[in-house]
Amino acid sequence: MRLGVVAFVVALRGARGLAAPRKKLPARRVDVSCDACGAKLFKYAKGNGAGSRLVKVYEERIVKDLTADQVTCPNPACGETFARRALVHGRVAFKIVSGKVRVK
């Protein structure tokens, strides 16, 4: 009997039971640029505090993208890889390489 209840809950909530992301974007916007050459990469709606580092960037929070969905710097002279694509909590994200971007 107990197994039937567990199977019902898994079917109802999905295999992982992940919460849906918020519809409204955070109010704070930051400019993200390449640390090597200073070229602008994108404008991002950052949710947490001002003093925190940028570790991952969710694709749906990017307000203005200047990289054309690439993980390298758009400046042809630089071409530095600043992130890698990953799936975080079921959402597409860029995991930032430490020391490769500047946030203002």
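Where a number appears in this text, it was derived from the coordinates with a stated rule and is not lab data. As the structure is a computational prediction, the values presented were derived from the model and not from experiment. Here the Cβ positions follow ideal geometry from the backbone for every residue, glycine too, while neighbour counts run over all protein chains shown.
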> Magnitude of the Cβ-charge dipole of segment 24-103, K/R +1 and D/E -1, about the Cα centre, nearest 20 debye?
Replying inline: 340
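When a/c is below 1.5 the answer is rounded, else prolate if a/b is larger than b/c, else oblate, so apply that to segment 24-103 with a ≥ b ≥ c taken from the square roots of the Cα gyration tensor eigenvalues.
On the way: a/c = 1.64, a/b = 1.37, b/c = 1.19.
Here segment 24-103 falls in the prolate category.
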> Counting other C-beta atoms within 10 Å, which of PHE82, PHE94, PHE42 has the fewest, and how do the rest follow?
Replying inline: PHE42, PHE82, PHE94
> What is the dipole size for segment 65-104, taken about its Cα centre, with +1 at each Lys and Arg Cβ and -1 at each Asp and Glu Cβ, in debye to the nearest 20?
Replying inline: 200
>> Taking 8 Å as the Cα distance limit and 6 or more residues as the minimum spacing, I'd like the relative contact order of segment 24-103 as a percentage.
In response: 32
